[in-house]
Structure formats: structure tokens, C-alpha cells
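Contents: one structure, followed by commentary.
The values are calculated or read from the model by the stated rules, or taken from the named source; none is laboratory data. Just so we're clear, the structure is a prediction, and the values are computed from it rather than from any experiment. Cβ: placed from backbone, ideal geometry, glycine included. Neighbour counts: every protein chain shown.
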Amino acid sequence: MNYFLTGATGFIGKFLTQRLLDRGGDVHVLVRPGSEHKFAALQARFPFQADRLHAVSGDLGQPGLGLAPAFVLQMAGKIDHFFHLAAIYDIEAPEAEQVNANVDGSRHALAAAAALKAGCFHYASSIAVAGLYNGIFREDMFEEAEKLNNPYLRTKHDAEKVVRTEAKVPVRIYRPGMVVGHTQTGEIDKIDGPYFFFRLIKTLRDTLPRWLPMIGVEGGRLNIVPVDYVAAAMDVLAHKPGLDGRCFHLTDPKPHKVGEVMNIFARAASAPEFAMRVDARMFGFVPPVITGGLAKLPPVQRIRRQFLNDFQIPEAAVGFINYPTKFDCRETLKELQGSGVACPRLDQYAGAVWDFWARNLDSDLFIDRTLAGNVKNKVILITGASSGIGKATALRLAETNATLLLVARTRDKLEETLAEVEAKGGKAYLHTCDVANMEDCDRLVQEVLAEHGRVDVLVNNAGRSIRRSIALAYDRFHDFERTMQLNYFGALRLIMGFLPSMTANRRGLIINISSIGVLTNAPRFSAYVASKSALDAFSRCAAAEFSDQNVRFTTINMPLVRTPMIAPTKMYDYAPAISPEEAADMICDAMIRRPKRIATRLGVFAQILYDIAPKTTEIIMNTGFRMFPDSDAAKGRPGEVVAEVAPSSEQVAFQYIMRGIYW
């Protein structure tokens with residue numbers, strides 16, 4: 001038996017080719033000049049059957065596919081089945097390209113099939129031919145299609161019309177649903193359909209705990225089918241006698257709604273699920289003149305574009321959330337009965353589909369996520385670089401091609417950091433500055449710009465922390481003043497100093513080292529948390545102002561870090577804390593991803609809990625406040641020698657439950 005395929009090197013074509021080879025036939029594959037490597041890759045998939053795969057030079061855009069007369073003469077009357085799979089399956093493709101490939105290409109394929117006197121022309125259509133038909137679309141329906149405004153929907157409908165009206169040989173038509181990966185391997189070669197929402201699911205998984213219930217959107221039913229089912233069904237139906245002239249819906253007889261699909265893949269990704277789903281159709285009562293007017297407002301349009309761009313969701317895909325069409329596939333199921341071919345449930349193979357996407361198609365895989373690649377040739381200024389987090393960050397960057405500007409008050413310790421950076425092969429310069437002194441900050445800015453020309457990344461790491469309950473600070477107003485002076489005003493002075501050059505260069509990243517205490521409202525740290533909160537608030541405001549100038553602000557809500565700053569509080573010797581090197585990794589991650597915020601999951605949860613149940617959060621924090629006493633230094637007895645007391649088991653347990661929070 002002889003087969004002729006267009007689109008054999010495409011997604012569905014690869015799996016159908018395998019089925020046809022397994023039947024023992026010879027498969028002739030249309031190969032466009034310049035695409036011979038694709039045919040070679042197809043042969044490599046079937047090394048023991050490659051001798052029955054034959055390349056046929058031609059082009060979908062040419063009349064009769066541009067087949068050589070000698071081939072047509074040789075094979076005329078010998079092609080038992082002609083499968084036309086080649087088409088554009090892209091809702092974003094230009095209309096002219098879709099017309100050429102889908103409509104004209106189908107006409108050219110029909111002419112080739114007629115010239116070859118093929119036994120049957122098998123056309124891979126799509127459920128898109130129904131347009132946005134509101135109701136049940138049967139397999140014998142075609143002219144009833146509605147709302148074919150989208151070029152993809154329209155060209156798929158027009159292409160099937162060409163097949164129905166111009167065919168000179170027997171025809172069988174197949175309309176697959178939204179085709180996703182193989183049920184066993186998850187293999188797919190393009191992003192389409194439900195894949196558009198995978199990045200959103202991934203972001204939720206990476207940001208929020210799995211058990212946190214989410215509010216989502218409900219919509220119409222998405223008819224999703226795996227590629228192996230489509231290929232198997234086409235194979236069976238193509239070889240079953242007596243079906244010429246019929247159309248078959250290769251669809252899921254029990255499709256899921258949009259929200260259900262999201263939850264199925266959320267479970268596959270170990271992401272939080274949408275416990276409450278709001279039906280988008282409920283907003284239909286709002287007059288279109290109002291919704292249309294709001295949608296056209298520049299801020300609304302920009303927010304919408306940014307959201308879709310962040311999650312790589314095509315604008316055209318949004319229109320399918322309320323997909324209104326249900327596809328009747330009972331006749332197809334009747335013909336497949338007894339063949340062993342049936343459409344599996346989505347939840348049975350969603351894990352394989354997600355895993356293949358995550359390992360092979362996630363766009364993050366193709367972005368340079370290396371530290372060296374993201375800081376190459378950049379000028380990075382780090383305050384507080386003489387010890388702790390600042391020094392650890394400098395040492396992490398020492399093995400890159402970045403230029404490091406190391407800033408601290410004391411020159412001696414700063415020179416130690418410089419020596420270690422240079423020992424690792426790094427390029428660094430030393431600058432002293434008391435960040436709490438505004439005039440010194442101004443001097444530093446002028447000095448740096450004069451000597452280095454610019455700062456691409458500013459790491460505001462220098463800081464001061466005071467652990468003292470408010471009741472012990474009634475007569476210590478200076479605690480709040482000096483903390484605010486360094487943590488807020490000093491950092492702000494540097495930001496304001498370097499922003500003009502960043503905006504002039506249209507690039508810049510400002511990383512502010514904040515605290516988990518801002519998210520947890522840590523008691524005893526009111527002075528410290530207030531100063532960090534001020535910097536956080538400024539950054540949020542500034543980010544909005546500089547969003548369109550490629551200047552980014554990242555806030556890192558650091559958990560407890562074992563640095564010299566916490567050494568005076570002996571209780572922290574027993575508390576779980578991350579190392580300066582782990583903190584440096586968070587800073588380097590900010591340089592790679594440039595997110596709005598980096599925080600631990602506990603910190604994010606604490607903020608959400610406070611928004612939902614502030615009194616509950618207050619009670620939890622008060623429990624910790626009463627459980628851990630003020631230090632002797634905080635009580636005003638710094639010189640008094642007191643025997644160190646190990647924490648109780650209750651204190652240790654509480655600290656580990658609240659891992660990383662300051663007490």
C-alpha cells in the first residue's frame with residue numbers, strides 16, 4: 001500500500017507516519033526544497049523503517065504541489081491514500097500567510113491528488129471551521145458556522161470548503177480539537193491552546209504554597225485531545241471501508257471548562273488550584289458601550305498588554321476563554337468502536353504534557369539565566385561590601401566579567417574584600433562612604449560617575465538594625481532617627497544620585513535589601529522595620545514612574561541572616577538563619593531575573609495572612625514577642641555580665657516553625 005503525505009514532518013504528521021509505516025506500506029513525503037533536514041530527522045525517528053520513507057520534492061505554494069511530472073507519471077493510480085496535513089496552525093500568523101497555506105495549499109493538494117488518481121483524499125481540518133458557533137456543532141454541519149472574524153477561523157473554514165466543493169477524488173475530513181502532547185511522552189513541538197496558560201500556572205507555583213486556594217475565571221469548554229489519539233483515529237478511520245464523503249470530529253466527548261483545565265494542569269504542576277472560579281459570562285449584563293470604553297482607556301490597554309506579555313499569552317487567545325461551541329462526535333465514536341482507539345481523559349495524561357513543556361518548551365529555558373551572562377560588562381555598586389551579605393555578594397560576582405564598586409565606611413576591611421575579589425580574578429574598585437551622611441553620599445555619586453561613567457546595578461545593602469521593644473525606647477528617639485538615616489535616607493540619596501544617569505542610558509537595576517520583618521510586622525524591630533518599609537514604599541512608587549524607561553527596582557525581603565549585625569543578640573545563636581552566601585544568592589538571582597520582589601514563602605504567606613486576618617497575625621506575633629525577652633543591651637545594661645541561658649524547647653520549636661523571622 002502506498003501513502004502520500006503533506007505535513008509528514010509536522011506534529012501530527014510524525015505520529016501518523018509511524019502508524020502508516022507500522023501497516024507495512026510505503027510513505028511518500030512532500031519535502032519543500034531547503035527542508036531536507038526535516039525529512040532526515042523524520043527518517044531518524046524510524047531507523048528500521050526508513051527504507052520505506054521516500055522524499056518527494058514539492059511545495060505547498062505551487063499548483064499541483066509542484067510535483068515532478070516523472071513522479072506523477074510513475075505513481076499515478078498507485079497512491080491508495082493521500083493525507084493532507086500541512087497547514088498553518090497559528091492564530092497569530094498574518095492573514096495572507098494563512099490564506100496561502102490553508103486555502104491555496106489545500107487547493108494545490110487536491111490538484112496533486114487528482115493527478116495521482118489517489119484512492120482517497122484525507123483532509124486534516126480543525127474544529128476552527130465552526131468559528132464561534134453558539135451551541136452543538138455536529139459532524140454533518142458546515143455552513144452553519146458563525147463569527148468567522150478571526151483569520152485563522154476563517155481560513156480553516158474556507159480551506160475545508162475548497163475540499164468539499166473542488167475535490168475530484170473521494171474525500172474524508174477530520175476535525176481534531178486542540179491538539180496537545182503525546183499521552184505517554186508529552187511530546188509536542190509548538191505552544192498553542194492550553195499551553196498559553198502554563199507560564200501563569202508556573203508563576204503561581206513558584207510564588208505561592210500549593211494549598212493556598214485561588215480565585216480564577218471560568219469560561220467555555222476547551223476541547224483538548226492528545227496527538228496520539230488524533231493520529232490513531234485518523235489511521236483507523238482512513239482504512240475503514242465505506243466512509244468516503246464523511247466528516248469526523250476527533251474531539252473529547254466530555255470536554256472540560258477553562259477553569260477545570262487550569263486546575264488539572266495546576267495539579268500536574270503542583271501549583272495552587274482555583275478553588276473559586278468566576279464565570280466570565282456573568283459580566284454580560286454590563287452594556288458593551290461601557291466595557292468597550294473602559295477597554296480602550298490607555299492605562300487599561302497597557303496593563304492588559306503587560307499582563308499578556310509577562311505570561312506570553314497571545315491577544316487572540318483571550319477571545320477563546322468563553323468558547324461557546326460543543327462538538328458532537330458520536331458518529332466518530334461509533335466508527336471507532338472495537339478498534340481499541342478512544343480519547344483518554346485529560347487528567348490521565350496532563351502530567352506528561354506538563355513535564356514535557358517544563359523540560360523542553362518553557363521559554364525560560366532559552367533565556368540566559370547564568371549570573372555571568374546577565375552581569376557581563378556591567379558596573380555594579382555594592383554598599384556594605386566589607387562584611388556579611390555585601391562581601392559574600394562581591395565574592396559571588398568576582399568570577400564574572402562585571403566591574404565591582406565596593407563601598408563601605410572603613411577602608412581596612414574593604415581592602416580585605418578587594419583582595420579576595422581580585423584573588424578570584426575579579427575586577428573591583430574601592431570607594432569609602434558613610435551612607436548615613438548625605439554629603440558623603442553626594443560625594444560618592446560624583447566620584448563614581450567621574451571615574452566609571454555609570455552604575456548599571458545599585459545594591460543598597462548597608463544597613464543598621466536595632467532590636468528593642470518600644471516600651472524601652474520611650475527616651476531613645478534617636479534609635480528611630482539613626483536607623484531611618486542609614487536604611488532609608490542614605491539609600492534614597494544614592495538612588496536619587498544614580499537615577500539620572502540610569503534613565504539617560506535607559507537601563508538600570510536598583511536592588512534594595514529589605515527585611516522579612518516588613519512582611520511579618522516583627523515586634524521589637526519597629527525602628528528597623530519602619531525604615532525598611534519606607535524604602536520599600538519609595539521603590540514601589542519609583543518603579544511605576546520609571547517602568548517605561550527600563551529602570552527596574554527589586555526589593556529583597558531577607559530572612560534572618562547570620563551576619564555580624566545579629567551577633568550581639570545571643571539568642572540568634574540558636575535560631576535558624578541563612579548564611580551570607582545564601583543571601584548573596586538571592587541578590588544574584590535579582591540580577592538575573594529582575595523581579596519586583598524576592599521573599600521567602602513564609603514571608604509572602606505572612607503578608608497574605610495579615611491582609612486576610614490581621615488580628616490573627618497580631619496574636620501570633622504577640623506570642624513570639626512575649627516568648628523572647630529583650631536583650632540586656634536593649635534594657636540598658638550592656639556592661640552587666642549575665643550567664644548565657646540556652647533557649648527552652650518551646651522557644652526553639654517556635655523559631656523553627658517561624659523560620660527566618662526576627663524575634
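Given the structure, is residue 42 closer than 22 Å to residue 172 by Cβ and touching a Leu at 6+ places or on another chain (Cβ under 9 Å)?
no
One residue is enough: does the stretch 482-502 have a residue meeting the conditions at pLDDT below 85, touching a Lys or Arg at 6+ places or on another chain (Cβ under 7 Å) and of a type outside the set (Val, Ile, Thr)?
Checked against the condition, which is being at pLDDT below 85, touching a Lys or Arg at 6+ places or on another chain (Cβ under 7 Å) and of a type outside the set (Val, Ile, Thr), the stretch 482-502 yields no hits at all.
As an exercise: evaluate residue 271 against (1) surrounded by fewer than 18 Cβ atoms within 10 Å (Cβ to Cβ); (2) outside the structural domain of residue 88 (by TED's automatic domain parsing) and give the number of the one condition it does not meet.
The one condition residue 271 does not meet is (1).
Considering only residues that are of a type in the set (D, E, K, R) and part of a helix (DSSP H, G or I), which ones fall in the stretch 107-145?
Residue satisfying the conditions is 107 alone.
With the requirement that a residue be surrounded by 23 or more Cβ atoms within 10 Å (Cβ to Cβ) and either part of a loop (DSSP other than H, G, I, E, B) or under 25 Å from the mean Cα position of the chain (by Cα) (or both), what does the stretch 523-538 give you?
Result: 524, 525.
Could you please tell me which pairs satisfy a Cβ distance under 9 Å, a separation of 6+ or placement on different chains, a first residue in the stretch 358-378 that is in contact (Cβ under 8 Å) with a residue 40 or more places away in the chain, and a second residue that is among the aromatic types (Phe, Trp, Tyr)?
What qualifies is 358/198; 361/195; 361/198; 362/198.
For residue 237, state whether it is outside the structural domain of residue 83 (by TED's automatic domain parsing) and surrounded by 17 or more Cβ atoms within 10 Å (Cβ to Cβ).
Taking the combined requirement at face value, the residue satisfies it.
Condition (residue is of a type in the set (A, V, I, L, M, F, W, C), without any contact (Cβ under 8 Å) to a residue 40 or more places away in the chain and in contact with a helix residue (DSSP H, G or I) (Cβ under 8 Å, 6 or more places away or on another chain)) applied to the stretch 550-562: is it met by at least one residue?
So far as the stretch 550-562 goes, no, none of its residues is of a type in the set (A, V, I, L, M, F, W, C), without any contact (Cβ under 8 Å) to a residue 40 or more places away in the chain and in contact with a helix residue (DSSP H, G or I) (Cβ under 8 Å, 6 or more places away or on another chain).
Residues are listed down the side, and each one gets a yes or a no for (1) over 25 Å from residue 114 (Cα atoms); (2) of a type in the set (Phe, Trp, Tyr); (3) modelled with pLDDT of 95 or more; (4) within 34 Å of the chain's Cα centre (by Cα):
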position	(1), (2), (3), (4)
146	yes, no, no, yes
149	yes, no, no, yes
152	yes, yes, no, yes
158	no, no, yes, no
161	no, no, yes, no
168	no, no, yes, no
171	no, no, yes, no
174	no, yes, yes, yes
181	yes, no, yes, yes
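Name the one entry in 398, 408, 385 that is assigned by TED's automatic domain parsing to the domain that holds residue 561, within 32 Å of the chain's Cα centre (by Cα) and of a type in the set (Gly, Ala, Ser).
None of the other options fit; the residue is 398.
Could you check the stretch 1-83 for strands (runs of 3 or more DSSP E) lying wholly inside it with 3 or more residues that are free of Cβ contacts under 8 Å to residues at least 60 places away in the same chain?
Counting at least 3 such residues, we get 26-31, 53-57.
Here are the criteria: (1) within 23 Å of residue 97 (Cβ to Cβ); (2) touching a Leu at 6+ places or on another chain (Cβ under 8 Å). Tell me which single one residue 160 does not satisfy.
(2)
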